[in-house]
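Visitor: Please read through the structure below; I'll follow up with questions.
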Amino acid sequence: MGCTATVGSPARLRSDSTSVAMTQAKATRVVCINNPHGLHMRPITALSQRAKEFQSEVTITKDHHRVNVQHIIDMMTLAVENGSEVLLEAVGPDAEAAVTAIAEIIEHDFSKYDEENIVRSESPPADAPSS
C-alpha cells in the first residue's frame, strides 16, 4: 500500500491560471502520508490551523471523498493511513502558497507531532509520587 507519488515533484504541483469564478487561482498537489500513525488528531489540528491562515479554501481528497482542511472532524472521517496518497487543492488568491504550506507540514513536520505525543505519554503525571 505504498505511495506511487514522488512527493514534492514539480509534475505533481500544478497552478491553474484558468480562473475559477474569474479571479481565483487553483493549485493542486498529490502528497504521500509518510507517518506510521497516518493523519491523527494532532497533525490534523496543525493542518487545520495552518489552512486558516490563507484566504483560499483548501481541501484534501482521499478515495474520492473531499473535505475542507479547516474542518477537523471532517478530516478525521477520511481515516488517512500511512502510505495513503491524498490530493490537496486550493482555490483562491493565495492558492499556490496554501497548497505549498499544507504539503510542507505533511511532507516534513509530522515527526514533531508524534515525538511530542510520545514524550508526553512516557512522562509520569505531574502529581505522581517521586521515588
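The values are calculated or read from the model by the stated rules, or taken from the named source; none is laboratory data. Predicted model only: the values in this text are computed from it and were never measured. Here the Cβ is made from the backbone with ideal geometry for all residues, glycine too, and neighbour counts use every protein chain on show.
Visitor: Name the pairs: first residue in the stretch 37-56 and within 20 Å of residue 96 (Cα to Cα) and loosely packed, with under 13 Cβ neighbours inside 10 Å, second residue of a type in the set (S, T, N, Q) and modelled with pLDDT of 95 or more, Cβ to Cβ under 7 Å, at least 6 apart or on different chains?
Guide: These pairs meet every condition: 52/70.
Visitor: For residue 91, only one of the following conditions fails: (1) in a strand (DSSP E or B); (2) free of Cβ contacts under 8 Å to residues at least 60 places away in the same chain. What is its number?
Guide: Only one criterion in (1) in a strand (DSSP E or B); (2) free of Cβ contacts under 8 Å to residues at least 60 places away in the same chain is unmet by residue 91, namely (2).
Visitor: Please verify whether the stretch 122-130 includes one or more residues that are hydroxyl-bearing (Ser, Thr, Tyr) and either modelled with pLDDT of 90 or more or assigned to a helix (DSSP H, G or I) (or both).
Guide: no
Visitor: Turning to a different aspect of this structure: Select from the stretch 17-41 the residues that are part of a strand (DSSP E or B) and hydroxyl-bearing (Ser, Thr, Tyr) and write down the one among them that is modelled with the highest pLDDT.
Guide: 28
Visitor: Has the stretch 105-121 got any residue that is at pLDDT below 65, more than 17 Å from residue 36 (Cα to Cα) and not charged (D, E, K, R)?
Guide: No, the stretch 105-121 has no match at all.
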